[in-house]
Amino acid sequence: MNLDFTSVLPSLPFILQGLGVTLQIVCLAGILGFLLGIILSLCKISKMKLLNWLANAYTSVFRGTPLILQLMIIYFGSPQVLGFQIEGVTAAIIGFALNSAAYISEIIRAGIQAIDKGQQEAAMALGVPYRPTMINIILPQAMKNILPALMNEFITLTKESALVTTIGVMDVMRRAYQVGANQYQFMEPLLLAGIIYYILVTILTFLGKLVEGRLRSSD
Amino acid sequence: MIKVEKLHKSFGKNEVLKGISTQINNGEVVAIIGPSGSGKSTFLRCINKLEEPTNGKIWIKDEDITDRQTDILKVRQNVGMVFQHFHLFPHMTVLENLTYAPLKVKKITKSEAEKNAMKLLEKVGLAVKAQEYPNKLSGGQKQRVAIARALAMNPEIMLFDEPTSALDPEMVKEVLDVMKTLAHSGMTMAIVTHEMGFAREVADRVLFLDGGVLVEDAPPNEFFSNPKSSRAQDFLQKVL
Ligand SMILES: Nc1ncnc2c1ncn2[C@@H]1O[C@H](COP(=O)(O)OP(=O)(O)OP(=O)(O)O)[C@@H](O)[C@H]1O
Ligand SMILES: [Mg+2]
C-alpha cells in the first residue's frame, strides 16, 4: 500500500469547509432533539394513557426503522407531502432531531424514574404544582443520571451525521468523497475525514468528562 | 379540623382501609398506632390526597377534599407532611429547602421567605446549617429540617409518618423534642408512630388501626392501661 497525501492535502480546506455543515446539523438537531425528547419523556411518565401510547409509538417507530430511511423519506418525500423540495441541510436537521428525540426521550424517562418517588411526594405535600415540581425538583436531579448518556447520544449523532452524504449535503464526509472521486484516489481523503471526525468526537468526549466531573464534585 | 367519614381505600383487589370514620379537632394531637401493614400510612396519605380514597369523604376545615372541585394544592398548603425518610431536596441548601415552596406557591418576597425560614431553623436548632446541603446533615438534623420545611408553609395541620423510625436511637429524642414543642404550641397533629412513650406523653388521643379497621379511639391513659379489644391487648403486649 502506498499512501500519497501530497496531491490531497491542497483539498484539505475544501474538506474542512464541511465542518460548518456537520456542526450545524449536530448542534441544531441535538438541541431540537433534546427539547422534543423532554416533551416525549414527560408524555411517557404522564398518567394519561393516550400520551403514553403516542410517545411510546413514536419511539418504537423511530428506533425500529433505519435512520437512513427516515432521512430519505423526509428529503425525497417532501415534494409529495409539502409540495416543495426542502433543502438537504434542513431535512438532515429535522431527520436527526426526530430520530435522536426518540433515543433521548428514553434516556430522560429512565433518568426521571430513577429519582426517588419521595421527592415528588414531598413537593406535592407542600402544595407545589406538577410543572414546577418537574422543572425545579425532578429534572435537576435527573440531569445527573441523564447527562452522561446524553453526551453519548451526542457523540453518536456526530458520527451518524455522515449519513447526510446520501441526501446531497456537503458535509465533511461528502466533500472527502468528492475529492476522492475527482482524483481517482479515495483512501487519503477518506482517512482525512476519519481524522476530522475522530478529533471532533475526542473533543466531545473530553467535554463530557468535564461536565461529569463538575456534576460529581457538586455531590 | 379533619373529619373522616367511612374512608375506604383499595389497591387493586386489596382493601387496605375498610371504612374509617373519625375526627381530629383543632389543636388536637392524635397518635396513630397499629401493626405493620394495618394501613396507618395509607390513612395518613389519604388525608392530603397523596393517595386517592376509593370511597368515603374527608373534610379539611370545611372543604371536602374528595370532591373533584376542591383545589387540592390549596388544601395541601395548609397540611404539612413529614416522612419517615425525610425527602429533603438534595440539590438545594437547607435554606433553599425551606424557602422553595413558599416562594413558588405563596409568591412572597425572597427576603420575607428567608427571614421566616431562619426563624424556623432557629426553632429546630439548626440555624447554623442554613447554607449546608442535606447530605452534610445527620438523620436527626435532616428530619428537623424536614419539619421546618413543612412549617415554612405555615400550615394549620401537620401529618407525621413514622418520623423517627429511620433514625439512629441517639437522634430520636432531638426530633421528638421538636414535635413536643410543636404540640404544645397548639398545632393540630396526626402522628403515625411506634414510639409508645411519646404517644402516651404527648397525644390527646390514640387511634389504633388493625387490618384497615379503626379498632380503638381513646385517650392514651385509657388505651395503654386498659385496652378494650383483644387485638389492642395483643399488640401492646408485643411492643411494650
Ligand atoms: N402503593 C401501594 N400499592 C399497593 N399496595 C399498597 C400500596 N401502599 C400500601 N399498600 C399495601 O397496603 C397495606 C397497608 O400499607 P400501609 O403502608 O398503609 O401500612 P402501615 O400500617 O403504614 O405499615 P408500616 O407500619 O409497615 O409502615 C399493605 O399491605 C401494603 O402492602
Ligand atoms: Mg407506614
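Observations on the structure shown:
- Scanning the range B:41-75 for residues that are more than 11 Å from ligand 1 (Cβ to nearest atom), open to solvent by 20 Å² or more (accessible area, probe 1.4 Å) and at the interface with chain A (Cβ under 10 Å from one of its Cβ atoms) yields a count of 5.
- Of the helices (runs of 4 or more DSSP H) entirely within the range B:90-184, those holding at least 2 residues that are basic (K, R) occupy B:110-123, B:139-151, B:169-184.
- Hits in the range B:183-201 - residues which are open to solvent by less than 20 Å² (accessible area, probe 1.4 Å) and more than 16 Å from ligand 1 (Cβ to nearest atom): B:A183, B:T188, B:M189
- Condition met for A:V21 (modelled with pLDDT of 95 or more and within 17 Å of the chain's Cα centre (by Cα)): no
- Only one entry of B:D204, B:D210, B:D234 meets the criterion of being touching a residue at least 60 places away in the same chain (Cβ under 8 Å), over 25 Å from B:S138 (Cα atoms) and surrounded by fewer than 18 Cβ atoms within 10 Å (Cβ to Cβ), and that entry is B:D204.
- Scanning the range A:140-155 for residues that are closer than 25 Å to A:M48 by Cβ and either more than 10 Å from chain B (Cβ to nearest Cβ) or not in a helix (DSSP H, G or I) (or both) yields a count of 3.
- Qualifying residue in the range B:162-173 (condition: closer than 23 Å to B:P102 by Cβ and open to solvent by less than 30 Å² (accessible area, probe 1.4 Å)): yes
- Checked against (1) more than 30 Å from B:K136 (Cβ to Cβ); (2) within 12 Å of ligand 1 (Cβ to nearest atom); (3) within 11 Å of chain A (Cβ to nearest Cβ), B:S38 passes all but a single condition, namely (3).
- Looking at B:M81, B:M153, just one residue is within 9 Å of chain A (Cβ to nearest Cβ), modelled with pLDDT of 95 or more, within 16 Å of ligand 1 (Cβ to nearest atom) and under 25 Å from A:R131 (Cα atoms), and that residue is B:M81.
The values are calculated or read from the model by the stated rules, or taken from the named source; none is laboratory data. Everything quoted here is computed from the prediction, not taken from an experiment. Neighbour counts run over all protein chains shown; Cβ positions are idealised from the backbone, glycine included. For the accessible areas, the whole protein counts, side chains as well, though only heavy atoms, and no ligand, DNA or RNA atoms are used. Shrake-Rupley method; radii C 1.70, N 1.55, O 1.52, S 1.80 Å.
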